[in-house]
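Worksheet: the structure to be examined is printed underneath.
The values are calculated or read from the model by the stated rules, or taken from the named source; none is laboratory data. Keep in mind that this is a model prediction, so the values were computed, not measured. Cβ atoms come from the backbone with ideal geometry, glycine included; neighbour counts cover every protein chain shown. Surface areas here come from the heavy atoms of the whole protein model, side chains and all, with no ligands, DNA or RNA. Shrake-Rupley method; radii C 1.70, N 1.55, O 1.52, S 1.80 Å.
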Amino acid sequence: MSRQLIIYSPAGIVSAAAPVRRATKRLAALGFDASVDASALTKHQRFAGDDATRLDAIHRVADAAPAVALATRGGYGLSRLLDTLDWKRISASVDKGTAWVGYSDVTALQLAALAHKATGPAKPGEGVSAGFWAGPMACDDFGRDDSPEGGDDVTQDCFVEAMTGELEAVGFRTEVGFDGLDVVGRLWGGNLAVTQALLGTDHFPNIKNGVLFLEDVNEHPYRIERALLQLHQAGVLDKQKAIVLGAFTEFRKSPLDRGYNLKTVIAYLRSLTKTPILTGLPFGHVPVKLSLPIGRQVNLVVQGRDAFVMW
């Protein structure tokens, strides 16, 4: 059954139309009635249109209430819109069945929606897809020119199952030492830098006993540590049931590091917080990424090195 999907641009500029065209065709082949918002290819400085244009695009998609609202890409730009977004319109779209999907800068929209309670009523049970999903985006995950399918098959299959309400759990391999972990909490998080930037604002969700997942790109481990330390010193990490780290990629090593790396960062953070910190989540600025329901109550279970997130 065909499901309406609208591709829109809430943040960074889309440099070329070709990936959007390829994504539209690929999504149609996957069973979606895919269309592109009128301002998706608009350009203003480094943004996909000025603030008013992008704000109108989000509201226009919300009013249309498609089954899926899929961002073209991230970049930067959503933080500029959070104070003026009409959260009631966003919430109404979720109530009508819209799933808002993306990652990276889209984290700002997703976490602010939690803070403003724009995620709709709780809808437990099978067939639930409406709400906010950390997942793929049009250009990089469905519109790549270096793949005959436009992107990674696992990523796309997981996305389809999530959007059709069939996905109820995801799994990954983590480090040794967490066998027997079994916690229940609200799933939230996304891009680390964006999450950190929301701290102390009205757009930061005050989630206790949650499962916090994080990823980032182009950030040296010392910047990752600094961001995680701020979250820790603000009391965020100790309030969680678990922290799950995805991919931290594309940073440059420094000759000053002298053995300092992401592993030492994680070991240091583990010495500071009682909250278990797991690694290995297939999510971030990488080809293979899961689709994760932000704001959903989940059960995180570890058996040996196999970790499962179920909802």
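Neighbours of L114, meaning other residues whose beta-carbon lies under 13 angstrom from its beta-carbon, give a summed charge of +3 when Lys and Arg score +1 and Asp and Glu score -1.
Mean separation of Cα pairs under 8 Å and 6 or more residues apart, divided by the residue count, gives the chain a relative contact order of 19 percent.
For the range 1-156, the carbon plus sulfur part of the accessible surface works out to 49%, probe radius 1.4 Å.
Computed on protein heavy atoms with a 1.4 Å probe, the accessible areas place W311, W188 in the order W311, W188, largest first. Here the Karplus curve 6.51 cos²θ - 1.76 cosθ + 1.60, taken at θ = phi - 60°, turns the phi angles of the range 145-152 into couplings of 8, 9, 9, x, 9, x, x, 6 Hz, with x standing for Gly and Pro. The simple spin-label model puts a point 7 Å past each Cα toward its Cβ; for M310 and L229 those points are separated by 3.9 nm.
For L278, nonlocal amide neighbours, meaning residues 5 or more places apart or on other chains whose placed amide H falls under 5 Å from its own, are I243, V244, L245. The phi-based Karplus calculation (6.51 cos²θ - 1.76 cosθ + 1.60; θ = phi - 60°) puts the 3J(HN,Hα) values of the range 107-117 at 3, 4, 5, 5, 6, 5, 4, 5, 4, 8, 6 Hz, whole numbers, x for Gly and Pro. Once backbone amide H atoms are built at 1.01 Å from N, F132 has W100, I294 as its partners under 5 Å, excluding neighbours fewer than 5 places away on the same chain. Note on A18 and K88: the extension gain reaches 21.8 nm, defined as 0.36 nm multiplied by sequence separation minus the Cα-Cα distance. For the chain, the Kirkwood estimate of the hydrodynamic radius, built from every pair of different alpha carbons, is 19.5 Å.
Taking a point 7 Å from the Cα of T264 along the Cα-to-Cβ direction, none of the residues of the range 224-243 has its backbone N closer than 11 Å to it.
Averaged over its residues, the chain has an accessible area of 43 Å² per residue, based on protein heavy atoms and a 1.4 Å probe. Only Cα pairs under 8 Å and 6+ residues apart enter the sum, and on that basis the relative contact order of the range 26-163 stands at 23 percent.
Mean sequence separation of contacting Cα pairs (under 8 Å, at least six apart), scaled by the length of the range 183-311, corresponds to a relative contact order of 31 percent.
Computed across the range 80-185, the Kirkwood hydrodynamic radius from all distinct Cα-Cα pairs reaches 15.9 Å. A simple packing score, the average count of other Cβ atoms within 10 Å per residue, orders the peptides 23-32, 255-264, 227-236 as 23-32, 227-236, 255-264, with the highest score first. Using the Karplus relation 6.51 cos²θ - 1.76 cosθ + 1.60 with θ = phi - 60°, the per-residue 3J(HN,Hα) values for the range 223-235 come to 6, 5, 4, 4, 5, 5, 5, 5, 4, 5, 5, 7, x Hz, with x marking Gly and Pro. Close amide H partners of V298, meaning residues 5 or more places away or on another chain with modelled amide H under 5 Å apart, are G185, R186, L187.
Stokes-Einstein diffusion coefficient for the range 223-311 at 10 °C in a medium of 1.306 mPa s, Rh from the Kirkwood formula over Cα pairs: what value in µm²/s? It comes out at roughly 107 µm²/s. Judged by the mean number of other Cβ atoms found within 10 Å, the most tightly packed of the peptides 9-22, 39-52 leads the ranking 9-22, 39-52. Computed over the range 171-291, the percent of Cα pairs more than 23 Å apart is 27. What net charge is computed for the residues neighbouring V211, neighbours being all others with C-beta under 11 Å from the C-beta of V211, Lys and Arg scored +1, Asp and Glu -1? With Lys, Arg at +1 and Asp, Glu at -1, the neighbours total +3. Can you give me the pair-distance distribution of the range 1-120, C-alpha pairs, 10 Å bins, whole percents? Going from the shortest bin to the longest, the percentages are 15, 49, 32, 4.
Placing unit charges on the Cβ atoms only, positive for Lys and Arg and negative for Asp and Glu, gives the range 9-155 a dipole magnitude near 260 debye about its Cα centre.
Taking all protein chains as shown and a probe of 1.4 angstrom, E219 keeps an accessible surface of around 40 Å².
Taking other residues whose beta carbon is less than 11 angstrom from the beta carbon of R305, and scoring Lys, Arg as +1 and Asp, Glu as -1, yields -2.
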